[in-house]
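Derivation of every value follows stated rules applied to the coordinates shown; laboratory data play no part. In this text, all values refer to a predicted model and were calculated from it rather than measured experimentally. Neighbour counts are summed over all protein chains in view; Cβ atoms, including those assigned to glycine, are modelled from backbone coordinates with ideal geometry.
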Amino acid sequence: MPTLVLIRHGQSAWNLENRFTGWWDVNLTELGIQEAEEAGAAMAAAGLDFDLAFTSVQTRAIKTLNIALEAMGRLWLPVEKDWHLNERHYGGLTGLNKAETAALHGDEQVHVWRRSFDVPPPLSEPGSPYDMTADRRYAGIAVPGTESLKDTIARVLPYWEERIAPELRLGKRIVISAHGNSLRALVKHLSGISDADIASLEIPTGKPIVYQLDDDLNAIERYYLHERAAG
């Protein structure tokens, strides 16, 4: 029975400041580091172990994975980093405070940008200080100007099918450290959540989601590790 664990990175500096982050690279806060350590300790205490790990190319997800694996004594595990697991690109909202953006554009419009399935935020302005097109990580990649959740799913799922699912079918135990929206894409796919219902799914920082899958990678069970431990 394949085992898959998903972890949203620990609290980041811009989570704390309530800013739209997307592809911009920010670090973990002290709380984020603690959340990652606690995630690793909880996985070890639950008897979970892994053969392979995947993460994005964003610092907050990479550090969360490394801290959690170190807490498990598994820092030596092979890790694949890939931009397809990045957070969704928030376009012109990147760097803006969410409350101030709501005051400017209205709560309803911001809710549409944040939670609709297929409506992307406005495009990044030319010359934006948050332009990532010259970043070495994305050499040769068409960096998006903005993304909806639907757009994010369209890049996450092919990577899942090409790189991650085959390893699970071989019996590998896998942990993925990524982001709220790239993980929502995977949860939607694995749990068969509708386009409408995925909008209300919130994935907390630093709380491992455990999937037990059948041989066809259909979800048999999904639970948050901290809820199972509390129960």
- prompt: Where the centre of each part is set by its Cα atoms, how far does segment 98-124 sit from segment 1-31, in angstrom?
  reply: 20
message: Could you give each residue of segment 127-139 its phi-based ³J(HN,Hα) in whole Hz, using Karplus coefficients 6.51, -1.76, 1.60 with θ = phi - 60°, and x for Gly or Pro?
response: x, 4, x, 9, 5, 9, 5, 8, 5, 4, 4, 10, 4
query: Straight-line reach from LYS188: which lysines have Cα under 16 Å away, leaving out those fewer than 8 places along the same chain?
result: LYS150
- line: For the chain, the dipole about the Cα centre with charges only on Cβ (Lys and Arg +1, Asp and Glu -1), to the nearest 20 debye, works out at 200
field: Modelled FRET efficiency - R0 41 Å, ALA154 with LEU104, Cβ distances, 0.05 increments
entry: 0.90
Lysines with Cα under 19 Å of LYS63, excluding same-chain neighbours fewer than 8 positions away: LYS81, LYS207
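Roughly speaking, what is the stretch gain from THR133 to ASP49, that is 0.36 nm per residue apart minus the C-alpha to C-alpha distance, in nm to one decimal?
Contour length minus Cα-Cα distance gives 26.6 nm.
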- line: In whole Hz, the Karplus estimates of ³J(HN,Hα) for segment 78-84 (6.51, -1.76, 1.60; θ = phi - 60°; x where Gly or Pro) are x, 10, 10, 9, 8, 5, 4
message: Please report the antiparallel percentage of the DSSP beta bridges confined to the chain, to the nearest 5.
response: 50
message: Can you compute the modelled spin-label distance between GLU80 and LEU16, with each label point 7 Å from Cα toward Cβ, in nm?
response: 3.4
